[in-house]
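Notes follow once the structure below has been shown.
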Amino acid sequence: MSTIVRFAPSPTGLIHIGNARTALLNALVARREGGRFLLRFDDTDRERSRREFADQTEADLAWLGIAPDAVVRQSDRMDLYAQAAELLKKAGRLYPCYETQEELERRRRLQLARGLPPVYDRAALALTDEERRGLEGEGRRPHWRFHLDDVEVAWDDLVRGPSHVACASLSDPVLVREDGSYLYTLPSVVDDIDLGVTQVIRGEDHVTNTGVQIQLFEALGGHVPAFGHHNLLTSSSGEGLSKRLGALSLKSLHEGGLEPMAVASLAVLVGSAESVRAVASLDELAGLVDLAHISRAPAKFDEAELDALNAKLLHDMPYGDIAARLEGAGIGGGAAFWEAVRGNLTRWGDAAAWWPVVEGPVAPVIEDHGFLGQAAALLPDGPYDGGTWRAWTGAVKDRTGRKGRGLFMPLRLALTGLDHGPELAALLPLIGPERARARLSGQTA
Ligand code: GLU
């Protein structure tokens, strides 16, 4: 059976790096196994779901390099859920309940006071037809609960190994609200069956749902997929990430100028058996995913680590991978400029700051006119290449007896106006003989 996985966000906010972990684990498993990756929007909650969040999620995935094989919206599939609900009603597994939130809350408090687990007592099952009619006559509308079998549901989790949920200690879950809308539990199973999902890879906050959902798969006569529950990412202070926070959203990381592969590398490798490192392509990252060796502990996500990964990716990035972006930003200089500055960058956009150092005008910082005059006299005519700097500074050293910082810093200050920056061996050919000569003599050029 060929692999079919899905990423199923509710479009109620911007997706963050923790959601990216789920999306990437699914997409990379599909990539590695030659399977299909579905993007499913769990948008049955009409009030909170927004099309713009769904569209942004698609854009975020595209930025990461993930192209779903299909996009599915639950709001387009309501008939399927109605059919499934009917089937469950006929089988006696979906039953109407009329309690209000306040009544349920009162019962829960009573159970807790008696030292009992606050599990729904199935009182609604005992209602007679007449009592039901009476309640509906009062204007009450039913919500519908799934009658769980009081068994222990077991599965071999792709991440956590042998796992089980004791369903006797759970309340029968509400699948359909008073207003006829569906909670997440049933539509998810209906879709997983209908779309032939083979592996459900999601966060460990869904472990209990899995116990319930396996019963639903069976009640609906569907094939039960494999399940894998990965650890969740927390902020560096240990808090859970929330769509509502906005911080660490993929959109803000993108707008902050980060490389998608820096985000993907960290999202996938943190809290796994692999060391966190900058991986340059999704194909390579796919080869490192090993669900069975994801750590059980929550994985702490450290933003500072992102900067380091980002810098590493840039330092090794071939010009061809960035040419279009540099051009779009009006940064010239071609491959020679990119190779000169990439080692100094944390964000690619910072390259823009080095372009004026090449093109000018640069106001040179002159500390010692005499020394710079001697250096200028030894400056060769063009064209320059990667060896020019070494040959020239060698000659200046021999003539003046200066070495180390005393030799190089006055030259850097004059040529760039700055006391730090990319290797001058690489910058000098870009600056060229005319500008170099002018700057050594103190002219802005
Ligand atoms: N919409 C659910 C969520 O975002 C999907 C969970 C699942 O993958 O089944 O948590």
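Some observations on this one:
- For segment 1-57, the dipole from Cβ point charges (+1 on Lys and Arg, -1 on Asp and Glu) about the Cα centre works out to 200 debye, to the nearest 20.
- Using a Förster distance of 30 Å, the FRET efficiency for Glu367-Asp307 (Cβ separation, nearest 0.05): 0.35
- Solvent-accessible surface ranking, highest first, for Val174, Val165 at 1.4 angstrom: Val174, Val165
- Straight Cα distances below 24 angstrom link Lys251 to the lysines Lys243, Lys300, Lys312, with same-chain residues fewer than 8 positions distant left out.
- Each label was represented as a point 7 Å from its Cα along the Cα-to-Cβ direction; for Glu255 and Glu239 these points are 2.0 nm apart.
- Once all protein chains are placed together, Ile66 keeps about 10 Å² accessible to a 1.4 angstrom probe.
- Cα centre as origin, Lys/Arg/Asp/Glu Cβ charges: segment 291-445 dipole, Debye: 400
- Largest accessible area first, the listed residues Thr208, Thr400 line up as Thr208, Thr400 when surface is computed with a 1.4 Å probe on the assembled protein chains.
- Compared with the direct C-alpha span, the chain from Asp385 to Ala154 gains 76.4 nm at full extension, assuming 0.36 nm per residue.
- Area of Arg32 that stays accessible when all protein chains are in place (1.4 Å probe, Å², to 10): 110
- Mean-position separation - Cα centroids, segment 357-418 and segment 41-88, in angstrom: 62
- Farthest positive-ward along the chain dipole, Cα basis, beta-carbon charges - from Met261, Trp392, Ser171: Trp392
- Taking 7 Å steps out from each Cα toward its Cβ at Ala352 and Ala377 produces label points 4.3 nm apart.
- Residues Thr208 and Ala67, FRET efficiency given R0 of 30 Å [Cβ-Cβ distance, rounded to 0.05]: 0.40
- Taken over segment 267-324, the ratio of Cα radius of gyration to 2.2 N^0.38 Å equals 1.28.
- Hydrodynamic radius (Kirkwood) for the chain, which is based on Cα pairs only, to one decimal in Å: 26.3
- Degrees, to the nearest 10: 185-194 long Cα axis against longest axis of the chain: 80
- Point-charge dipole on Cβ atoms (K/R +1, D/E -1) for the chain, about Cα centre, debye to 20: 1000
- Projected label distance in nm at Glu102 and Thr400, using a 7 Å step from Cα toward the beta-carbon: 8.8
- Calculated FRET efficiency, Ala59 to Ser275, Cβ-Cβ distance, R0 = 25 Å: about 0.25 to the nearest 0.05.
- Accessible surface of the chain, 1.4 Å probe, proportion on carbon and sulfur as whole %: 50
- Taken per residue, the accessible surface of the chain reaches 46 Å², heavy atoms only and a 1.4 Å probe.
- The relative contact order of segment 3-61 comes to 50 percent, based on Cα pairs under 8 Å that sit 6 or more residues apart.
- Using a Gaussian network model of the chain in which every pair of alpha carbons under 10 angstrom is joined by a spring, one finds that among Leu258, Leu112, Leu64 the greatest mean-square fluctuation is at Leu112.
- Surface accessible to a 1.4 Å probe, Cys97 within the full protein complex, Å²: 0
- Candidate residues Asp179, Asp191: accessible-area rank, largest first, probe 1.4 Å: Asp179, Asp191
- Helical runs assigned H by DSSP (4 residues or longer) give the chain a calculated mean residue ellipticity at 222 nm of -13500 deg cm²/dmol, each run adding -39500 (n - 2.57) before division by the residue total.
- The length gained by stretching the chain between Thr128 and Asp194 to full extension, at 0.36 nm per residue less their Cα-Cα distance, is 20.2 nm.
- Residue list for segment 159-174, given a label point 7 angstrom along the Cα-to-Cβ vector of Leu112 and an amide N cut-off under 20 Å: 169-174
The values are calculated or read from the model by the stated rules, or taken from the named source; none is laboratory data. In this text, all values refer to a predicted model and were calculated from it rather than measured experimentally. All Cβ positions, glycine included, derive from the backbone under ideal geometry; neighbour counts span all protein chains shown. The accessibility values were calculated without ligands, DNA or RNA, using every heavy atom of the protein model including side chains. Shrake-Rupley method; radii C 1.70, N 1.55, O 1.52, S 1.80 Å.
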